[in-house]
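Bear in mind that the values in this text are calculations on the coordinates, not laboratory data. As the structure is a prediction and not an experimental result, all values here were calculated from the model. Heads up, the Cβs are rebuilt from the backbone with ideal geometry, glycines too, and the neighbour counts pull from every protein chain shown.
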Amino acid sequence: MRCNTMSRLTITLSALRYRALMEAAAQRDKTIDQLIDESLDFYGIKLHEPAQGAVRRARAHSGLSDGQAMALALDAQHAARQAR
C-alpha cells in the first residue's frame, strides 16, 4: 500500500554508491524510488496503516480476551527484561 502523497528526501552518497544504485535500478528496470521502497519493505520498515491491519488481524484470531492478551504481553516483557 503506497501513500498518495510523497515526501522528498535528500541523502548523500559517494559517487561509487550512487553509480551502483543507478546501475542496479537500470538492470532491474526500476526507478531508484522503487529500489528504496523495496529495500525499506525488506528491512521491515512498514507503513503505519498495514501494521495496524496486522495487529487487528492478530487480535481477531488470537482467541485471547483483553485481560489474557495483557497478561501475556506483560509476561513477555518481564522475561525480556530478565534476560538482559
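Toward the positive end of the charge dipole of region 15-83, with +1 on the Cβ of Lys and Arg and -1 on the Cβ of Asp and Glu, the farthest Cα among His48, Ala24, Leu72 is that of Leu72.
Do any chymotrypsin sites (Phe, Trp or Tyr not before Pro) in region 1-45 lie in a loop, going by DSSP, with at most 13 other beta-carbon atoms within 10 Å of their beta carbon, and if so which?
Numbers: sites: Tyr18, Phe42, Tyr43; in loops: Tyr43.
Here the sparse-neighbourhood loop sites are Tyr43.
Neighbour counts of other Cβ atoms within 10 Å put Asp37, Asp75 in the fewest-to-most order Asp75, Asp37.
Taken along the Cα-to-beta-carbon direction at a fixed 7 Å, the label points for Ile45 and Ala73 span 2.6 nm.
Let me know the charge dipole size of the chain about its Cα centre in debye, to the nearest 20, where only the beta-carbon of Lys, Arg (+1) and Asp, Glu (-1) is charged. Provide the component values of the computation, followed by the final result.
Numbers: 12 positive and 9 negative charges, 31 e Å.
Charge dipole, the chain, about its Cα centre: 140 debye, nearest 20.
Overall, the ratio between the Cα radius of gyration of region 15-83 and 2.2 N^0.38 Å, rounded to two decimals, is 1.81.
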